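Only one structure is covered here, and it is reproduced in the block below.
The values are calculated or read from the model by the stated rules, or taken from the named source; none is laboratory data. In this text the structure is predicted, and so the values were computed from the model without any measurement. Backbone-built Cβ (ideal geometry, glycine too); neighbour counts: all protein chains shown. Please note that ligands, DNA and RNA were not included when accessible areas were found on the heavy atoms of the full protein model with its side chains. Shrake-Rupley method; radii C 1.70, N 1.55, O 1.52, S 1.80 Å.
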Amino acid sequence: MNVSHASVHPVEDPPTTDGGNNNNNAPRVRMKDIQGMPGTKGGLALRIFQFFFAAAALAVMAATSDFPSVTAFCYLVAAAGLQCLWSLTLAIVDIYALLVMRSLQNYQVVSLFAVGDGITSTLTFAAACASAGITVLIDNDLDSCSQNHCVQFETATAMAFISWFTALPSFLLNFWSLASR
């Protein structure tokens, strides 16, 4: 039986074009940094929008006097508060990474971001859905919007959904980055 065997041939390093002088001050190109991932300007923008809309949902819901009487609205306040803290913390980390020009593509860091984004976005989405259901119940089914703060409830619910829409790309990009390793 005639079987071919693999052989390894040594390959020389290609000569450098700068005459052998290593230029350590040249800017480094980060190929895997897609806008929206941690440590990029797009990622910082997503974090700021997440924080802004979650804070708006939290502020509008907390401004009503009767939100504690409904469990779904209390859940929305808790989820929006957690989303605010998480987004603000990661926005600060993104600002630091951009200022010192450091990549955040470390496996452990991306894993932490993916898990945190997954948890907070799921909680925010669930709270927004629960609040939307209660708001529809109060407005359409019970016809008691005149006695409640329906406009504030609807506004807070909409802000929570928008916060989730901005948190979802962060989660998907981090998860994709982990899966592509």
Residues of segment 124-148 satisfying the condition of being under 21 Å from the mean Cα position of the chain (by Cα) and surrounded by fewer than 19 Cβ atoms within 10 Å (Cβ to Cβ)
F125, A126, C129
What about L98, is it crowded, with 18+ Cβ neighbours inside 10 Å and touching a residue at least 12 places away in the same chain (Cβ under 8 Å)?
no
Filter segment 52-82 down to residues that are of a type outside the set (A, V, I, L, M, F, W, C) and open to solvent by less than 40 Å² (accessible area, probe 1.4 Å) and give me whichever is nearest to F161 (Cα to Cα).
G81
I'd like the residue in segment 149-181 that is assigned to a loop (DSSP other than H, G, I, E, B) and surrounded by fewer than 18 Cβ atoms within 10 Å (Cβ to Cβ) and, out of all such residues, is modelled with the lowest pLDDT.
R181
Does C150 qualify as being free of Cβ contacts under 8 Å to residues at least 24 places away in the same chain, under 26 Å from A78 (Cα atoms) and out of contact with any helix residue (DSSP H, G or I) (no Cβ under 8 Å at 6 or more places or on another chain)?
no
With the condition kept exactly as written, say whether any residue in segment 113-123 is open to solvent by 70 Å² or more (accessible area, probe 1.4 Å), under 19 Å from G36 (Cα atoms) and in contact (Cβ under 8 Å) with a residue 12 or more places away in the chain.
no
Pairs please, first residue from segment 57-74 and closer than 13 Å to T135 by Cβ, second anywhere and part of a loop (DSSP other than H, G, I, E, B) and open to solvent by less than 40 Å² (accessible area, probe 1.4 Å), Cβ atoms under 9 Å, 6+ apart in sequence or on different chains.
F73/T64; F73/D66
